[in-house]
Amino acid sequence: MNLDESPFLLACRRRPVPHTPVWYMRQAGRSLPEYLRVRENVPMLTACATPDLIVEITMQPVRRYGVDAAIYFSDIVVPLKAIGVDLDIKPGVGPVVATPIRDAEGLKALRPLEPDDVPYVTESVRALVGELGATPLIGFAGAPFTLGSYLIEGGPSKNHDRTKALMYGDPGLWHAFMERLTDIVLAHLRVQIDAGVSAIQLFDSWVGAVAVDDYREFILPHTRRIFEGVADVPRIHFGVGTGELLGVLGEAGADVVGVDWRVPLDEAARRVGPGKALQGNLDPAILLAPWEVVERRARQILRQGQAAEGHIFNLGHGVLPNTDPDQLLRLTELVHSA
């Protein structure tokens with residue numbers, strides 16, 4: 001099998017597949033004992049800038065589970081760190097920004113990203129492409145709204161209050177902020193594509209916090225520009241809590257719309273509309289239940305996924321740290337055999 005015949009890429013392009021392809025968000029991570037061993041005493045952002053570690057961690061779930069795609073091991077804040085933003089990833093907290101950006105003066109900290117800022121990305125992607133062979137590698141980036149929220153709030157936020165206050169209160173500054181982040185995201189994705197990734201996923205993890213009309217006004221133009229700039233590979237668009245946004249997410253330009261666990265896939269297909277594949281959408285917490293529950297829910301999702309023009313099985317968000325890897329192995333085998 002060559003790369004273009006991989007079930008994952010076929011499903012992205014809404015073509016017939018030999019079996020439903022499957023991969024998992026955060027498949028390379030804290031649920032794997034081999035990951036914990038290689039990450040011991042290594043800070044997250046150090047690991048994300050070390051090619052040997054990137055390659056090893058990206059490959060771990062491919063070896064263990066036999067998934068249909070690998071996803072590049074990194075973090076959405078890596079390009080921000082690379083251009084000099086003073087931030088760190090605090091264990092148990094997430095990205096924390098030393099000096100939040102909340103005015104036009106703060107925007108000066110967001111200089112353009114150049115390929116030379118992230119040489120470890122090019123090196124590790126090329127190494128992974130050589131090692132993966134016919135298994136596709138997914139590159140990714142955080143979307144401007146989600147990155148912007150971290151920068152404005154100074155870290156993770158439950159309600160994104162300051163982010164929305166800036167968005168509503170100073171639309172001119174907001175769009176300038178989003179334009180700057182869009183350029184950075186596009187440059188980061190282009191580095192990955194030029195190095196050889198087969199597809200990209202845009203994570204807009206927190207965009208479910210906004211209403212449909214606000215998405216159209218404040219976010220859609222920037223997301224659309226990103227997808228137009230990476231149209232040479234299949235594009236996946238994912239957010240959490242986006243059930244009410246699925247229709248407008250379908251308009252943003254991706255080939256595949258990721259669906260969290262809150263909306264059944266057949267209903268998601270109706271909301272997204274024709275011309276798109278879907279990805280999802282088992283609740284990650286179900287993997288903590290007995291296998292009989294996992295199997296029943298997975299088969300239900302596979303049935304509902306038949307309503308889509310293409311379906312990539314995934315979770316509705318990332319693998320939880322206390323997930324038994326054997327559950328994911330059995331789930332992968334089930335999806336492949338169904």
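The values are calculated or read from the model by the stated rules, or taken from the named source; none is laboratory data. All of these numbers come straight from a predicted model, not from anything done at the bench. As a convention, Cβ positions derive from the backbone with ideal geometry for all residues, glycine included, and neighbour counts pool all protein chains shown.
Could we say that LEU181 is over 28 Å from LEU110 (Cα atoms) and surrounded by 21 or more Cβ atoms within 10 Å (Cβ to Cβ) here?
For LEU181, the condition - over 28 Å from LEU110 (Cα atoms) and surrounded by 21 or more Cβ atoms within 10 Å (Cβ to Cβ) - is not met.
Condition first: touching a Gly at 6+ places or on another chain (Cβ under 9 Å), surrounded by fewer than 23 Cβ atoms within 10 Å (Cβ to Cβ) and not aliphatic (A, V, I, L, M). Now tell me which residues in the range 162-173 satisfy that.
Passing the criteria: only ARG162.
Would you pick out the residues in the range 242-253 that are in a loop (DSSP other than H, G, I, E, B), modelled with pLDDT of 95 or more and touching a Lys or Arg at 6+ places or on another chain (Cβ under 7 Å)?
Selection gives ALA252, GLY253.
Any residue in the range 22-34 that's on the phi > 0 side of the Ramachandran plot and at pLDDT 95 or above: show its pairings with residues that are surrounded by fewer than 17 Cβ atoms within 10 Å (Cβ to Cβ) and β-branched (Val, Ile, Thr) at Cβ separation under 6 Å, as long as the two are six or more apart or on different chains.
none
Within the range 75-84, identify whether any single residue is farther than 30 Å from SER337 by Cα and more than 20 Å from the chain's Cα centre (by Cα), and answer yes or no.
yes
Residues of the range 301-338 being within 21 Å of GLY208 (Cβ to Cβ), assigned to a loop (DSSP other than H, G, I, E, B) and either out of contact with any strand residue (DSSP E or B) (no Cβ under 7 Å at 6 or more places or on another chain) or free of Cβ contacts under 8 Å to residues at least 40 places away in the same chain (or both), which ones?
Within the range 301-338, HIS317, GLY318, VAL319, LEU320 qualify.
Just name the residue that is surrounded by the most Cβ atoms within 10 Å (Cβ to Cβ) out of those in the range 254-272 that are of a type in the set (A, V, I, L, M), touching a residue at least 40 places away in the same chain (Cβ under 8 Å) and part of a loop (DSSP other than H, G, I, E, B).
Across the range 254-272, the extreme among qualifying residues is VAL259.
Which of the residues spanning the range 273-286 are surrounded by fewer than 24 Cβ atoms within 10 Å (Cβ to Cβ) and either small (Gly, Ala, Ser) or in a helix (DSSP H, G or I) (or both)?
Within the range 273-286, GLY273, GLY275, PRO284, ALA285, ILE286 meet the criteria.
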